[in-house]
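Accompanying notes for the structure given below.
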Amino acid sequence: METKLHHFAFNITPNKLELVIELLEKFGCKLVYREGDARWCMIRQEPIPINIQVIETEDKQTPIEKKINTHIAFISDTQKEDVEEIKQWAEDKGIAFRHGGWSDRELWFDLPDVFINFVIEIMHTSIIE
C-alpha cells in the first residue's frame, strides 16, 4: 500500500473562513486551494506537504475539555510571545480569546466564537529535543 497523508479537516463557525485564513497566515501558512466563493479551503505551511482543510459548519461547539484534545500544533522558540501576539490580534478584531497549557512549554489558545472542534497549540522547540 502506498497511501500518503494529504490533509486534516477542522470545523469553524459560518462566515469566519477569511478570518481563519488571516490567522493561519500569521503562522506562515498560505492558502493553497479554494474554489470560487466556497466556504472551505486548504491551507499549508511549506515545505510540509500536508494540508489543513478548514470548513464552515453550523455544528455545535465542542466543550473545551474535549476540544483541547484536538488541535493544530506549531513549534516556536517564543511560544509565550506568540500566544500574546495572537491574543492582541484577537482583541483588536473583537474576537473572544481564551488560552491555557499543559505545561509552560505546551500552550494552547482558542477562539471560541470561531473554532468549533479544535484549538491551536504552540509548543516550545525544546519539547522535541
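The values are calculated or read from the model by the stated rules, or taken from the named source; none is laboratory data. Bear in mind that the values here come from a model prediction, so they are computed numbers and not experimental data. Because the Cβ atoms are built from the backbone with ideal geometry, glycine has one as well, and the counts that use them run over all protein chains shown.
In this structure, residue 121 does satisfy being part of a strand (DSSP E or B), charged (D, E, K, R) and touching a residue at least 24 places away in the same chain (Cβ under 8 Å).
Restricted to the range 78-95, and to residues there that are surrounded by 14 or more Cβ atoms within 10 Å (Cβ to Cβ) and β-branched (Val, Ile, Thr), the residue that is nearest to residue 121 (Cα to Cα) is 83.
Search the range 101-129 for residues being among the β-branched types (Val, Ile, Thr) and over 15 Å from the mean Cα position of the chain (by Cα), and hand back the single one that is surrounded by the fewest Cβ atoms within 10 Å (Cβ to Cβ). My answer is 128. Put simply, of 44, 98 the only residue that is at pLDDT 95 or above and loosely packed, with under 15 Cβ neighbours inside 10 Å is 98.
Contact map, the range 49-73: first residue more than 30 Å from residue 3 (Cα to Cα), second residue among the charged types (D, E, K, R) and at pLDDT 95 or above, Cβ cut-off under 9 Å, separation 6 or more or different chains; pairs are 61/67; 61/113; 64/98; 64/110.
Among strands (runs of 3 or more DSSP E) entirely within the range 1-70, having at least 1 residues that are within 22 Å of residue 99 (Cα to Cα) singles out 7-12, 51-56.
Every condition in (1) loosely packed, with under 15 Cβ neighbours inside 10 Å; (2) β-branched (Val, Ile, Thr); (3) assigned to a helix (DSSP H, G or I) is met by residue 75 except one, and the failing one is (3).
Selection of the range 1-33 for residues being acidic (Asp, Glu) and more than 21 Å from residue 74 (Cα to Cα) yields only 2.
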